[in-house]
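I have placed the structure first, in the form of structure tokens, so that the comments after it can refer back to it.
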Amino acid sequence: MVRALALEEQAGRPVLVMEDIGGASLDALASKGRLPLAEVVGIGVRVADALGALHARRILHREVEPSNIIASPDYERVQLIGFDLATWSATESEPSGTHAGAGSAAYVSPEQTGRTARSVDHRSKPGVSRGACYAATDADK
């Protein structure tokens, strides 16, 4: 996850200063050409670790997609950004709701569409994060 470094004020408004790893989003990297599958698998593992840490705290990201996954130039560091749609669920048995319309259509979990009559909880994103990573691979070439 992206690390917050400071909270400052500019023009009377709060500004959160976040760490910059000098990387690019998966969609930006993929637009320059597909990434090798081995690199994307490593990125996917790091995204899964970040989601696991979030889910352990009952935080649901709700927008895991290539534009919200930042990889350092050497692909060793990965940041998960885009928490503007994130929500919190107090317990596994008290999910945060369906959140129909949250996230980009290509990367939302089935629960987020509102079509499954199931609540969105910490179990709804693993397949979606795999899809986000697959979009950047050279596996289909």
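Between segment 1-32 and segment 56-86, what is the C-alpha centre distance in whole Å?
Spelled out, the Cα-based centre of one part sits 11 Å from the other.
With a 10 Å Cβ neighbour count serving as the proxy for reagent exposure, in which order, fewest first, do L60, L85, L35, L16 appear?
Final ranking by Cβ density, sparse to dense: L16, L85, L35, L60.
Just the ratio, please: alpha-carbon radius of gyration of segment 1-97 over 2.2 N^0.38 Å, N its number of residues. Let's see the in-between values first.
Details: Rg = 15.2 Å, N = 97, 2.2 N^0.38 = 12.5 Å.
Ratio of Rg to 2.2 N^0.38 Å for segment 1-97: 1.21.
Give me the net charge for the shell around V15: Cβ to Cβ below 11 angstrom, other residues only, Lys and Arg +1, Asp and Glu -1.
That works out to -1.
Can you sort V47, V15, V78, V2 from fewest to most other Cβ atoms within 10 Å of each residue's own Cβ?
V15, V2, V78, V47
Computed from the coordinates by the stated procedures, all read-outs in this text should not be read as laboratory data. Computed from a prediction, not measured in an experiment: that's the story for all the values here. Virtual Cβ from ideal backbone geometry, glycine too; neighbours counted across all protein chains shown.
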